[in-house]
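A quick write-up on the structure given underneath.
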Amino acid sequence: MGNNDIVPLEAILYKVYSLRGINVMLDRDLADLYGVPVKRLNEQVKRNKDRFPAQFMFRLTNNETHNLRSQIATTNFSTMSRSLPYAFTEHGVLMLSSILNSPTAIRISIQIIDAFVKLRQFLSTHEEFRQKLLEHDSQIRTLFDAIDQLMSPAESPVKKIGFR
């Protein structure tokens, strides 16, 4: 944890999910981090609809919610409201800090953005490493193919034994 961190980085990263191919955080997890009820967070979002276009926030489908419930055994989805949760992208989290204008909300938002950045850096490094392994794998395969060819006896015509 850094000097000004309210929440450990791992606690934030644990609440980042990949949905629809992007990293998001759920309204209930954000409300928990900000120290506000989910209802209040969602009320503020509804009052400031223009700040949350589809690329900043979206509502989960029944299927997505069901899949999250089955994947995340430690999350207690039974305490969630009956309505489907909202998912906020990194930009949506930034907007939340502007509508939940408290010192705690601002500090938590900074930490969350830092967590998104670190996650992006990690995934980028991981992808570069994977690409290098694939390149090396291809080179190693070529090397083994060459060795196999050198070790294989040259095909020479088989001489028949006997009189012709």
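What is the one condition in (1) more than 23 Å from the chain's Cα centre (by Cα); (2) surrounded by 20 or more Cβ atoms within 10 Å (Cβ to Cβ) that ARG51 does not satisfy?
Going through (1) more than 23 Å from the chain's Cα centre (by Cα); (2) surrounded by 20 or more Cβ atoms within 10 Å (Cβ to Cβ) one by one, ARG51 breaks only (2).
Restricting attention to the stretch 1-25, and to residues there that are polar (S, T, N, Q) and touching a strand residue (DSSP E or B) at 6+ places or on another chain (Cβ under 9 Å), which single residue is nearest to ASN62 (Cα to Cα)?
Ranking the qualifying residues of the stretch 1-25, first place goes to SER18.
Looking at this structure, is ARG28 out of contact with any strand residue (DSSP E or B) (no Cβ under 6 Å at 6 or more places or on another chain), surrounded by fewer than 16 Cβ atoms within 10 Å (Cβ to Cβ), farther than 20 Å from ILE110 by Cβ and of a type in the set (Lys, Arg)?
Criteria not met by ARG28.
When the residues of the stretch 6-19 are filtered to those that are touching a helix residue (DSSP H, G or I) at 6+ places or on another chain (Cβ under 8 Å) and not in a helix (DSSP H, G or I), which remaining residue is farthest from ILE110 (Cα to Cα)?
By that ranking, first place goes to LEU19.
Only the coordinates and a few stated rules stand behind these numbers; no lab work does. As the structure is a computational prediction, the values presented were derived from the model and not from experiment. Note that we place each Cβ from the backbone using ideal geometry, even for glycine, and neighbour counts take in every protein chain shown.
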